[in-house]
Amino acid sequence: MTQSEPTDTVVVGRIGRPHGVRGLATVEVRTDDPDLRFAPGSVLATDPPERGPLTVVDKRWHSGTLLLQLADASGAVYDIREAVDELRNTLLLVPIADLPEIEEPDSYYDHQLVGLTARLTDDSVLGEVTAVRHEAQDLLVVRRAEGGETLIPFVSAIVPTVDVAGGFLVVDPPEGLLDL
């Protein structure tokens, strides 16, 4: 697998600290299907690209944390703690083309929302969606046209329209939301 352009991929995880002494890496999961994405034999592109691609050799869960044994592009297994520590903070990527279609209406992948223009109901431009945060509820991070950022709860009452093909979404904020 060759490394793809960043715009052709989506982040499914981030390598954290090593676990134990035998080369297992903790992974911050950023996908809703980790068993599929991190199945043994899966090949993952990386950011930074020079650290990959990485192949999943083994996968297990420990106290709710995903642990992976990985191999480099030549097939050499990362089998010591120090080698895995050099991979820390590496983002694990899969091609967007490999993602399944979402069957649920009004559901989107984060990459579909990032880059959309956020408009108010009067069609004035609020800004651009730069990220999606998954906290107690999903929040759109909007870089305001006049500077700064605003967090917009991603619920249909506040974001009634999402037009991915048109490149925009409509925000109908309750009073005071944009003043925070």
message = Once you keep just the Cα pairs under 8 angstrom separated by 6 or more residues, what percentage relative contact order results for segment 5-143?
response = 23
query = Ordered by residue, what ³J(HN,Hα) values in Hz, to whole numbers, does segment 16-30 give under the Karplus form 6.51 cos²θ - 1.76 cosθ + 1.60, where θ = phi - 60° and Gly and Pro are x?
reply = x, 6, x, 10, x, 10, 9, x, 7, 10, 7, 10, 7, 7, 10
ask   = Residue separation times 0.36 nm, minus the C-alpha to C-alpha distance between V21 and H134: what's the value?
value = 37.5 nm
ask   = In the full protein assembly as shown, how much of S156 is accessible to a 1.4 Å probe, in Å² to the nearest 10?
value = 100
key: Label-point gap, in nm, between S63 and D106 - each point 7 angstrom along Cα→Cβ   = 4.0
note = trypsin sites (Lys or Arg not before Pro) in segment 80-168 lying in a DSSP loop, each with at most 15 other Cβ atoms within 10 Å of its Cβ, come to R88
request  = Go ahead and run the numbers for FRET between D163 and D33, Cβ-Cβ distance against an R0 of 35 Å, rounding to 0.05.
outcome  = 0.85
ask   = So what's the Cα pair-distance distribution over segment 64-140, bin width 5 Å, in %?
value = 3, 10, 13, 15, 16, 12, 12, 9, 5, 3, 2, 1
key: Placed amide H near D138: partners under 5 Å, 5+ positions off or other chain   = F154
task = Could you run the Debye sum over the Cα atoms of segment 1-86, one equal point scatterer each and no solvent, and tell me log10 of I(q)/I(0) at q = 0.12, 0.23 Å⁻¹, two decimals?
result = -0.31, -1.22
key: Helix-only [θ]222 nm of the chain, DSSP H runs n ≥ 4, -39500 (n - 2.57) each, per residue, nearest 500   = -1000 deg cm²/dmol
task = Go through E50, E103, E82 and list them by solvent-accessible area, largest first, probe radius 1.4 Å.
result = E103, E50, E82
task = Show the residues, 5+ positions off or on another chain, whose built amide H is closer than 5 Å to the amide H of R30.
result = G13, R14
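The values are calculated or read from the model by the stated rules, or taken from the named source; none is laboratory data. All values derive from a computational prediction rather than experimental measurement. Cβ coordinates were reconstructed from backbone atoms using ideal geometry, including for glycine residues, and neighbour counts include every protein chain displayed. Quick note on the areas: whole protein, heavy atoms, side chains included, nothing else; ligands and nucleic acids left out. Shrake-Rupley method; radii C 1.70, N 1.55, O 1.52, S 1.80 Å.
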